[in-house]
Amino acid sequence: MEFNLKPLSAGGIPQALAKVTHYRYLNQADEAESICRDVLEADPANQTALRMLGLVITDQFTGGLYDRYQEAEMTFQKLTDPYERLYYTGIAHERRAKAQSKAGHVVGSLTALFEEAMKCYEQAERIRPAGNDDSVLRWNRCARLLQKLTAGASIQEEEFEAADSPPV
């Protein structure tokens, strides 16, 4: 039996997007992803839905060979604001590095991913909106994690969980 998806009404989009945040808080990324895709079917250029979809995909990174990194990056590249494109691409690199660290990958590959995130954050910092220090905060977090890695210390899973709570 074939099931055709039902379209959202334009008026239902704000409420649907609020549910995405709710499901992310509950660590139900698959539910949040489904809603983002429904919103994007109704409004393909919806910037909030694109941003949230990219974040929901990064919520699901496992550090494995297929962690959907490219899908997240392509989603973030659809953002029209240059600052957001850079900032959220940095988030994708950073979260990929953290997922790979949890999966036990070697320090060298992690370092490269954190450095790539930091490059994105530096570029975003140059064009950030006045008073928005998010890119600075993320750059500093990556720098601290790299300091630990290069000092030979392991990064504990708890360090990631506090820093990676859903909202971003």
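Only the coordinates and a few stated rules stand behind these numbers; no lab work does. Not measured: the values here are computed from a predicted model. Every residue, glycine among them, receives a Cβ derived from its backbone with ideal geometry; neighbour counts consider all protein chains shown.
For GLU41 and ASP81, FRET efficiency with R0 = 22 Å and r from the beta-carbon atoms, rounded to 0.05? Once the sixth-power term is evaluated, E becomes 0.50.
If you take the beta carbon distance between SER9 and ARG126 as r and set R0 to 45 Å, what does 1/(1 + (r/R0)^6) give as a FRET efficiency, to the nearest 0.05? So the FRET efficiency works out to roughly 0.65. Label sites at LYS102 and THR21, each approximated as a point 7 angstrom past Cα along Cα to Cβ, lie 2.3 nm apart. Taking each residue as 0.36 nm, the span from GLN28 to THR150 lengthens on full extension beyond its C-alpha to C-alpha distance by 40.5 nm. Kindly identify segment 1-48 as rounded, prolate or oblate by the Cα gyration tensor criterion: order the square roots of the eigenvalues as a ≥ b ≥ c, call it rounded if a/c is under 1.5, otherwise compare a/b with b/c, prolate if a/b is larger, else oblate. It comes out oblate by the Cα gyration axes. Annotation for THR111 and ASN140: the two label points, set 7 Å from Cα along the Cα-Cβ direction, are 2.5 nm apart. With contributions of -39500 (n - 2.57) from each DSSP H run of at least four residues, the per-residue ellipticity at 222 nm computed over the chain stands at -22000 deg cm²/dmol. Normalised by the number of residues in the chain, the mean separation of alpha-carbon contacts (under 8 Å, six or more apart) gives a relative contact order of 17 percent.
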